[in-house]
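**Student:** One structure is given below, represented as structure tokens, and several questions about it will come after.
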Amino acid sequence: MEMSELRDEIRENLTIEKLINKEITSRVAVTDAEISDFYQHNASSFNVPETQYHLAQIQVTPTKDAQVRNLRNDDASTPAAAQRKIQALYSSLRNGEDFAKLAQEYSEDPRTSVGGGDMGFVPASSLATNPQLRAAVSSLKVGQISGIIRTPTGFHIIKLLAIERPGQRQLSWSREAILPAFPEPENPSVHLQSPASRINLNPVSTPAPSFT
């Protein structure tokens, strides 16, 4: 390591220590100026390379699955039962029922039901490999739900929670992403990492489901 690189590393570590010491007395002690400085020096970490869709789903399968963990322990066991169930859920949604609540109670996807069906941010490039999902998502506005999508794995209802376009995320958005990048006082081992490398731009991020 060159001497200049070593000086930069020490300076960065001292800055981190300063911010940690402030958090001892207050979780929000990092100032706006410090956040702005960090943002300016790590702007590339806040670049979104392609459009991303924040999706949620309710899934119903036509066969019994021991892994189903919805709150009602409700699991359709035949194609006819699955069709009746998804149609009832769709009607409930159209009548104003909460999507996340119904997903937690009835969705048969063990990966997403506990989180209200939240699939995370799905890149547009992932949708390109899934024509059914791409067609459904492209027809939605934020907050809307799709119709019932039938696939080889069962039935799905998709909700579009948000769209993030490619480009540079603004500082106003980035503050909440920057704060967790600084280590907690009780966890000094993370000092070995650059804070920029710990920024989690997408709290939940998953590839598009295959629906096959």
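The values are calculated or read from the model by the stated rules, or taken from the named source; none is laboratory data. Note that the coordinates shown come from a computational prediction; the quantities given were computed from them, not determined experimentally. Glycine also receives a Cβ, built like all others from the backbone with ideal geometry; neighbour counts cover every protein chain displayed.
**Student:** Quickly run through the stretch 97-117 and pick out the residues that are closer than 19 Å to Arg150 by Cα and crowded, with 18+ Cβ neighbours inside 10 Å.
**Tutor:** Residues satisfying the conditions are Phe99, Leu102, Ala103, Tyr106, Ser107, Glu108, Asp109, Thr112, Ser113, Gly117.
**Student:** Could you count how many residues in the stretch 83-97 are over 14 Å from Ser107 (Cα atoms) and either part of a helix (DSSP H, G or I) or at pLDDT below 95 (or both)?
**Tutor:** Total meeting the criteria: 2.
**Student:** Related question: Looking at the stretch 84-97, I want the residues that are outside the structural domain of Gln57 (by TED's automatic domain parsing) and have a partner that is among the polar types (S, T, N, Q) with Cβ atoms under 8 Å, at least 6 apart or on another chain. Which pairs are those?
**Tutor:** From the stretch 84-97, no pairs qualify.
**Student:** Right, here's the next one. Please enumerate the residues belonging to the stretch 57-96 that are surrounded by 13 or more Cβ atoms within 10 Å (Cβ to Cβ) and charged (D, E, K, R).
**Tutor:** Scanning the stretch 57-96 gives Asp65, Arg69, Asp74, Asp75, Arg84, Lys85.
**Student:** All but one of (1) free of Cβ contacts under 8 Å to residues at least 12 places away in the same chain; (2) part of a loop (DSSP other than H, G, I, E, B); (3) not aromatic (Phe, Trp, Tyr) hold for Thr129; state the number of the condition that does not hold.
**Tutor:** (1)
To keep it simple, each residue is scored yes or no on (1) in contact with a helix residue (DSSP H, G or I) (Cβ under 9 Å, 6 or more places away or on another chain); (2) closer than 30 Å to Arg165 by Cβ.
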{"position": "Tyr39", "(1), (2)": "yes, yes"}
{"position": "Glu50", "(1), (2)": "yes, yes"}
{"position": "Thr78", "(1), (2)": "no, no"}
{"position": "Ala81", "(1), (2)": "no, no"}
{"position": "Leu89", "(1), (2)": "yes, no"}
{"position": "Arg111", "(1), (2)": "no, yes"}
{"position": "Asp118", "(1), (2)": "yes, yes"}
